[in-house]
1. From (1) more than 17 Å from the chain's Cα centre (by Cα); (2) of a type outside the set (Asp, Glu); (3) open to solvent by less than 40 Å² (accessible area, probe 1.4 Å); (4) more than 22 Å from residue 229 (Cβ to Cβ), pick out the condition that doesn't hold for residue 99.
2. Output the residues belonging to segment 130-188 that are open to solvent by less than 30 Å² (accessible area, probe 1.4 Å), charged (D, E, K, R) and within 21 Å of residue 218 (Cβ to Cβ).
3. Any residue at all in segment 234-254 that is farther than 30 Å from residue 32 by Cβ and among the charged types (D, E, K, R)?
4. Take segment 99-138 and flag every residue that is out of contact with any helix residue (DSSP H, G or I) (no Cβ under 8 Å at 6 or more places or on another chain), touching a residue at least 24 places away in the same chain (Cβ under 8 Å) and more than 25 Å from residue 74 (Cα to Cα).
5. Quickly run through segment 215-248 and pick out the residues that are of a type in the set (Gly, Ala, Ser), assigned to a loop (DSSP other than H, G, I, E, B), surrounded by 13 or more Cβ atoms within 10 Å (Cβ to Cβ) and at pLDDT below 80.
6. Can you tell me which residue within segment 249-283, out of those that are among the aliphatic types (A, V, I, L, M) and not in a helix (DSSP H, G or I), is modelled with the highest pLDDT?
Amino acid sequence: ASAPPAAAAPETAAAGTPASLPMPPENIGPEKLRAAAAQGDPAAQFEVAARFAEGLGVGQDLGIAASWYERAAEGGLAPAQYRLGSIYEKGLGVPKDLAKAQAWYQRAAAAGNVKAMHNLAVLYAEGAASEPDLGKAAGLFRRAADHGVRDSQFNIGILYARGLGVPQDMIEAYKWFAVAGRAGDAEAEKRRDVIAKALSSSDRAKAEAAADAFVPLEADRAANVVAEPPGGWGPPKQDVSLGTSSNLVARVQTLLARHGFEIGTADGVDGPKTRRAIALFQKEAGLPVTGEIDTGLIAALSEGAV
């Protein structure tokens, strides 16, 4: 599928900077970040987009964020392609457009972004941008499931159990429900147990062996994580959206809780439990494990919302 056209940018281009690549505002971060973004570095453009999306150093503006994500996506950055697909799917700062969402998810999934595989599979299954195609949905759910995406593991289990898009296979259905259940999906555990009662003892043994043997494939890091330069991009000059540090901590605590991390109450206090949760999330997300709040942490925490 061809990529959607780049969105017009509302910022003003700096002198000597191509009109299509404006210099981001000074408050968004140090010169190296702003210059790299203006010169076409997709990773820098992604960082600028994330700061606009979260209101870091500038007022939150999802429309401008979308335009910078689109530049990074056009530059071939798979995480930006995934993020842009999500933006068009939800209509965040841009008109909702499922055809564009599907096109960007396709590009990101083809590059190896596992979240894009899952989201694209959902669009195919629902027929959100075209006619439903359960065969394509099943293939994508299986690819994402193989990489450890729990929701895809549950969904491919459903398709095998019902014979939708794939031949009915109760051993495979049991396997995927068991794998998803071990990852914390309570509904998958219930469905696994229902199937177990219908299987012969020999088929159940095969299904259990298949679940026990499952090891998730390692995802292509470049397609799923945006690398920062040594030392990072540097902080924004000020945070006009979040204001006080306690508000920033409370926002991070809320995002951590949405990702399933135990932080207690989102009270804005940067205590040991919060720092421990941050470190665990950073490790899981492939970020430098510091236990401290930075823009990379906030961008990664916001992944599911943007």
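1. (3)
2. Matches in segment 130-188: 175 only.
3. There is no residue in segment 234-254 that is farther than 30 Å from residue 32 by Cβ and among the charged types (D, E, K, R).
4. Of everything in segment 99-138, just one residue is out of contact with any helix residue (DSSP H, G or I) (no Cβ under 8 Å at 6 or more places or on another chain), touching a residue at least 24 places away in the same chain (Cβ under 8 Å) and more than 25 Å from residue 74 (Cα to Cα), namely 135.
5. 241
6. Of segment 249-283, the ones among the aliphatic types (A, V, I, L, M) are 249-250, 252, 255-257, 263, 266, 269, 277-280.
Narrowing further to those that are not in a helix (DSSP H, G or I): 263, 266, 269.
On the way: 263: 79, 266: 72, 269: 82.
The qualifying residue modelled with the highest pLDDT is 269.
The values are calculated or read from the model by the stated rules, or taken from the named source; none is laboratory data. None of these values were measured; they are calculated from a predicted model. Glycine gets a Cβ as well: all are built from the backbone with ideal geometry, and neighbour counts include every protein chain shown. In case anyone asks, the SASA skips ligands and DNA or RNA and just uses the protein heavy atoms, side chains included. Shrake-Rupley method; radii C 1.70, N 1.55, O 1.52, S 1.80 Å.
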